[in-house]
Ligand code: NI
């Protein structure tokens with residue numbers, strides 16, 4: 001069973017209920033910069049999607065689909081080696097002085113990619129560093145991998161985000 005829905009992208013978006021538009025005559029007027037289109041989806045798929053939207057507190061399908069599109073565009077920016085932004089989260093024990101020196105050396109090597117670093121003393125032993133990064137995707141990934149490879153580092157995660165350019 002197909003379920004035809006219309007997706008709108010105005011600032012004042014319709015409710016989830018209202019975004020199901022059975023006939024073109026019921027289309028709402030939207031600003032010129034916004035594009036409206038309809039897609040056909042399996043009923044089971046749209047039901048699952050609607051449950052997901054409810055769990056994630058989306059007000060309507062358009063907002064959720066906009067986010068899905070942006071996520072995919074950001075993934076593509078990383079895949080294609082574009083300029084990206086993000087954050088590397090690092091956990092280690094600062095009593096291991098060699099380890100600390102090694103981490104510092106790596107960060108100096110990537111000085112052009114690192115835009116800010118925040119150091120948090122989690123407890124007597126453990127430190128967390130949040131390294132804000134902006135630059136070519138490959139440089140950011142190389143930095144994260146270099147930090148991850150240092151013996152004694154407990155955990156490294158890379159949050160892949162965007163500079164915001166080309167995203168509306
Ligand atoms: Ni510390």
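Here are some notes:
- Most to least packed among 40-53, 146-159, 77-90 [average Cβ atoms within 10 Å]: 77-90, 146-159, 40-53
- Residue 154/residue 71 FRET efficiency (R0 25 Å; Cβ-Cβ; nearest 0.05): 0.30
- Rg(Cα)/(2.2 N^0.38 Å) for region 25-157, N = residue count: 1.52
- Convex hull volume per residue in cubic angstrom - Cα atoms of region 83-161: 70 Å³
No value in this document is a laboratory result; all are computed from the given coordinates. Please read all numbers here as calculations on a predicted model, not as lab measurements. Because the Cβ atoms are built from the backbone with ideal geometry, glycine has one as well, and the counts that use them run over all protein chains shown.
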